[in-house]
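Report on the following structure.
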Amino acid sequence: MQKSFDLLKEKILVLDGAMGTMLQSCGLKPGECPERWNIDHPEVVQRIHRLYVAAGADIIQTNTFGGNRFKLREFGLGNQVAEINKAAVRLAKQAAGDRALVAVSIGPTGQLIEPFGETTFDEVYAAFREQVTAAVQAGADLISLETMSDLQEIRAAMLAARDSGPVPVICQMTFEGGQRTMLGTDPVTAAVVLTTLGASAVGANCSGGPAELLKVITAMAMVTDLPLVVQPNAGLPVLIDGQTVYPESPATMAEYAVKLVDAGANIVGGCCGTNPDHIRAISQAVRGRRPVKRVVPPVSALTGRSQTLFIQEQGRPIFIGERINPTARKKLAEDIRAGRMLHVVEEAQAQVAAGAPMLDVNVGVPGVDEVAAMRKAVLQIQSTVDVPLALDSTNPEAIEAGLKVFAGKPLINSVNGEAKSLQAILPLARRYGAAVLGLTLDSHGIPSTAEGRLAIARRIVDAALAYGIRREDIYIDCLVQTVSAQQAEVMETLRAIQLVKRELGVKTILGVSNVSHGLPRREVLNSTFLAMACGFGLDLPIMNPFDQRMREGLWAVAVLTGRDPYARGYIDEFRPALNEAPITTSEAAKPSSDRQQRIYQAVLNGEKASIAALVKAALEEGVDPLVLVNQTLIPAIEEVGERYDKKIFFLPQLMLAGETMKAAFEVVKPRLATEQAQNLGTIVLATVQGDIHDIGKNIVAVMLENYGWRVVDLGRDVPTATIVEAAVREQATIVGLSALMTTTMPRMAEVITAMRARGVKTKVMVGGAVVTADYAAKIGADGYAADARAAVLKAKELLG
Ligand code: HCB
């Protein structure tokens, strides 16, 4: 029975290994055309295929890596593309029988595509189309796009592959050092773009060996739910006695194959330097393994060539810079009309410099050839700034021109609820792997109610889904009217945002500044409306990046809507520059080892999740728990306090540091309390009412227990009456009070007065950062302790 690509749902599929290096070992000379061997030496090519099938390959790849017209032209074979590719597929099919699938191997054209070179997207598309069509006609089961470094080239190949018939397409790029392709694309961006383009599997081949590709596969696994494919080289080649040698053995490649499968790979094979021995070892190693189940939450993302912008519900909201729009901008319109694009590019650069993570591009000047203008603008903008673009036009041809030349995943701005618009735009989004912005208007205009807008949004979303566009790639603009003309409708827009998100589960977009047309001080209205819209759930505002109030307002939005936990981002953005002079910690209290230094830093950073492990490790290494408390933890929290004083830190950081201390202390505490001694008596401890600081009081408690006291810890924020009650009930020898604020210190006096008024003679010891010996004496306390050690001594003294 013929194998099916669907098998990868149940098992790991094994791809074959290298063809080129195998042909070389069979006599292919340097400079000779490998693809010609499909015609001249078919028996050799077929023998290699058979060896791979016998080694356990589920998929074998044809000898057509350079079988496109550009490459074949170099050997005078430019007019034999169909013949060579068809012959190659026939050879592979005969060798595969029903034991393996045949994938036509499609490598790069070797051309530099615009803007880096002269070759156009259409020319490259045509070359791939010719090659893939021949291979598919000859019966190729799969299309394998491989060793691509240019995102534009693999996009063109992908379109050609999809246009050649319903054959699964596996897409592989090659990454230098596991980080970026030669033209700068990172694995995440590649995966996002290829997933939206409709690949059947994405991944990487070639590169510098399996260790590098493990990083690539791990990164891709986070952002795509597609099957992952990987074909590493047998390591980085080295030259030994004039021979190119690939270092990795079959056993090592097999070990890595298992690691790659564990990282999420579904299809594993080999590239340069691998041979049937490697594939046999890989096949044996992955036999019986089932694909790892990956749960990848839907990812809303747009990309440039070398970066991905995630539109998520965390952090500062992303926005789209709106300034490349000639409406009412004479100089820009003139620049576009003249086809110069100088101001367009300057405007793009300035917006990105002002912090715009994404740009809208509208070149709709009356009378201009918008198709040519869009093409040129996109090419030139992308040559200088690499951010995702929103291609903004009412002309589908202009949109398509932009989609072709933009290397990445753009946003189409826009489609609306009219059938004509949906039919023109949605197929473009699907074809070119773009996200789409739907305007809630149709032939009747913009509905005045939120419900009316929701109805149109639903129509757009349903149509987009029917075209195969993923829900996470649909953005709805609920359109705001100007408040001066339609005041009652502004709140309807906001309600619509909420409704659309809740009912349709898509992201929302809004051109914010429309709201203020016709009114003075537009920036006041714009920034307020922006904040309101974000409060209602707006995901992606379109706005002026030069409006500082709006830009900064987005940081405030992030804090106020809980998108910026502990206001970390806000504080980073707005705190005064860090004082260069280091904050001094006394010599004696300085952490002495790297480990302690790390713990010190962890308290400063508020790393409450990792502190326990760090402290545990330090204790296991033999650090004295008391030393850890006195020389690392306490100095660290004190430095937090100093930073707070100097307005370098703010309340969220104080809170995080406090929680981190608590987590650290949970680990240290049992170690401190192991040395039990005699029972000296009972001490009732409390932080006084109104004060929630208890780190110091907790340390005092542990130390007292450690020295033989029974401690009744009443906790923090403890009412005076409760303390007095406990002193009597527990027949306490000493009451220990803690206060850390000038506002709560008087509570200590209140406790002493209440005790004495009730005739309770129990001795009282006081402490806490703000308390002094003088103050203790003034309120009639029996003792004062500056730190936990002093508290132990003072308690003993009070015991007499
Ligand atoms: Co807090 N806080 N804090 N805080 N906080 C302080 C105490 C300030 C000094 C910071 C500042 O402004 N520079 C300040 C008080 C200023 C003042 O009154 N003059 C302050 C403020 C203002 C506030 C808030 C009002 C902030 C706000 O909301 N705007 C708020 C108060 C809420 C409330 O209590 N109602 C607040 C909140 C917090 C937390 C929650 C974020 C966190 C506490 C977490 C917790 O304890 N579970 C916190 C922290 C961590 C601090 C700092 C940074 C550290 C305190 C600390 O743990 N020190 C502190 C700044 C500082 O002190 N440098 C800042 C380390 C311990 C080991 O020292 O002095 O407590 P310790 O204890 C020693 C010693 O005094 C003695 O032994 C201990 C061990 O050696 N000892 C006793 C203590 N109690 C004893 C009792 C005895 O009988 C005998 C000895």
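The values are calculated or read from the model by the stated rules, or taken from the named source; none is laboratory data. All values reported here derive from a predicted model rather than from experimental measurement. Heads up, the Cβs are rebuilt from the backbone with ideal geometry, glycines too, and the neighbour counts pull from every protein chain shown.
A few comments on the model shown:
- Scan the stretch 653-676 for residues that are in a helix (DSSP H, G or I) and more than 9 Å from the ligand (Cβ to nearest atom) and the total you get is 11.
- Note on the stretch 515-605: enclosed helices (runs of 4 or more DSSP H) holding 2 or more residues that are at pLDDT 95 or above are 522-535, 548-560.
- Members of the stretch 8-23 found to be of a type outside the set (Val, Ile, Thr), outside any loop (DSSP other than H, G, I, E, B) and closer than 25 Å to residue 250 by Cα, listed by number: 8, 13, 15, 20, 22, 23
- Any hit, the stretch 226-247, residues being more than 22 Å from residue 103 (Cβ to Cβ) and modelled with pLDDT of 95 or more: no
Every residue, every condition in (1) surrounded by fewer than 23 Cβ atoms within 10 Å (Cβ to Cβ); (2) farther than 26 Å from residue 430 by Cβ, yes or no:
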| site | (1), (2) |
| --- | --- |
| 298 | yes, no |
| 316 | yes, yes |
| 343 | yes, yes |
| 367 | yes, yes |
| 392 | no, no |
| 407 | no, no |
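- Cβ pairs under 9 Å, 6+ apart, first in the stretch 314-330 and among the charged types (D, E, K, R) and at pLDDT 95 or above, second surrounded by fewer than 20 Cβ atoms within 10 Å (Cβ to Cβ) and part of a helix (DSSP H, G or I): 323/350
- Of all residues in the stretch 164-191, those that are under 20 Å from residue 209 (Cβ atoms), in contact with a Leu (Cβ under 8 Å, 6 or more places away or on another chain) and assigned to a loop (DSSP other than H, G, I, E, B) total 4.
- Subset of the stretch 318-340 that is hydrophobic (A, V, I, L, M, F, W, C) and surrounded by fewer than 16 Cβ atoms within 10 Å (Cβ to Cβ) - its residue that is farthest from residue 260 (Cα to Cα): 328
- For residue 688, the stated conditions do not hold, so it cannot be described as away from the ligand (no atom under 14 Å from the Cβ) and either of a type outside the set (Ser, Thr, Tyr) or modelled with pLDDT under 95 (or both).
- Considering 239, 260, the condition of being under 30 Å from residue 409 (Cβ atoms) and either assigned to a strand (DSSP E or B) or in contact (Cβ under 8 Å) with a residue 12 or more places away in the chain (or both) is satisfied by 260 alone.
- If you go through the stretch 763-800 and pick out every residue that is of a type in the set (Phe, Trp, Tyr) and within 9 Å of the ligand (Cβ to nearest atom), you end up with 1.
- Residue match in the stretch 737-755 (condition: under 22 Å from residue 681 (Cα atoms) and assigned to a strand (DSSP E or B)): yes
- Residue count, the stretch 78-118 (criterion: touching a residue at least 40 places away in the same chain (Cβ under 8 Å), within 41 Å of the chain's Cα centre (by Cα) and over 21 Å from residue 34 (Cβ atoms)): 6
For (1) at pLDDT below 95; (2) hydrophobic (A, V, I, L, M, F, W, C); (3) closer than 25 Å to residue 318 by Cβ, each residue gets a yes or a no:
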site	(1), (2), (3)
367	yes, no, no
374	no, yes, yes
377	no, yes, yes
382	yes, no, yes
386	yes, no, yes
393	no, no, yes
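- Entry remark, the stretch 615-652: residues being crowded, with 20+ Cβ neighbours inside 10 Å, part of a helix (DSSP H, G or I) and more than 16 Å from the ligand (Cβ to nearest atom) number 1 in total.
Residue by residue, here is whether (1) over 29 Å from residue 387 (Cα atoms); (2) free of Cβ contacts under 8 Å to residues at least 60 places away in the same chain; (3) not charged (D, E, K, R) holds:
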residue	(1), (2), (3)
141	yes, no, no
147	no, no, yes
151	no, no, yes
165	yes, yes, yes
180	no, no, no
183	no, no, yes
187	no, yes, yes
190	no, yes, yes
199	no, yes, yes
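- Hits in the stretch 697-740 - residues which are near the ligand (Cβ under 7 Å from one of its atoms), closer than 16 Å to residue 781 by Cβ and touching a residue at least 60 places away in the same chain (Cβ under 8 Å): 697, 700
- Flag for residue 117 being at pLDDT below 95 and more than 30 Å from residue 3 (Cα to Cα): yes
- Answer residue from the stretch 120-139, given it is without any contact (Cβ under 8 Å) to a residue 60 or more places away in the chain and under 33 Å from the mean Cα position of the chain (by Cα) and is surrounded by the fewest Cβ atoms within 10 Å (Cβ to Cβ) among those: 120
- As a summary of the residue check, residue 702 satisfies the conditions (1) part of a loop (DSSP other than H, G, I, E, B); (2) touching a helix residue (DSSP H, G or I) at 6+ places or on another chain (Cβ under 7 Å) except for the one numbered (1).
- Qualifying residue in the stretch 334-357 (condition: outside any loop (DSSP other than H, G, I, E, B), touching a residue at least 24 places away in the same chain (Cβ under 8 Å) and among the polar types (S, T, N, Q)): yes
- Any hit, the stretch 141-157, residues being surrounded by fewer than 24 Cβ atoms within 10 Å (Cβ to Cβ) and in a helix (DSSP H, G or I): no
- Scope the stretch 300-314; condition crowded, with 16+ Cβ neighbours inside 10 Å and in a loop (DSSP other than H, G, I, E, B); matching residues: 300, 304, 305, 306, 307, 311
- Enumeration of residues in the stretch 24-42 that are part of a loop (DSSP other than H, G, I, E, B) and touching a Cys at 6+ places or on another chain (Cβ under 9 Å): 41
- Answer residue from the stretch 409-424, given it is under 19 Å from residue 155 (Cα atoms) and out of contact with any helix residue (DSSP H, G or I) (no Cβ under 6 Å at 6 or more places or on another chain) and is surrounded by the fewest Cβ atoms within 10 Å (Cβ to Cβ) among those: 411
- Flag if residue 224 is in contact with a helix residue (DSSP H, G or I) (Cβ under 6 Å, 6 or more places away or on another chain) and hydroxyl-bearing (Ser, Thr, Tyr): yes
- Residue satisfying condition, being of a type in the set (Val, Ile, Thr) and assigned to a helix (DSSP H, G or I), within set 461, 436, 483: 461
- Of the set (1) within 9 Å of the ligand (Cβ to nearest atom); (2) out of contact with any strand residue (DSSP E or B) (no Cβ under 8 Å at 6 or more places or on another chain); (3) not in a helix (DSSP H, G or I), all apply to residue 760 but (1).
- Members of the stretch 97-113 that are modelled with pLDDT of 95 or more and more than 19 Å from residue 15 (Cβ to Cβ): 109
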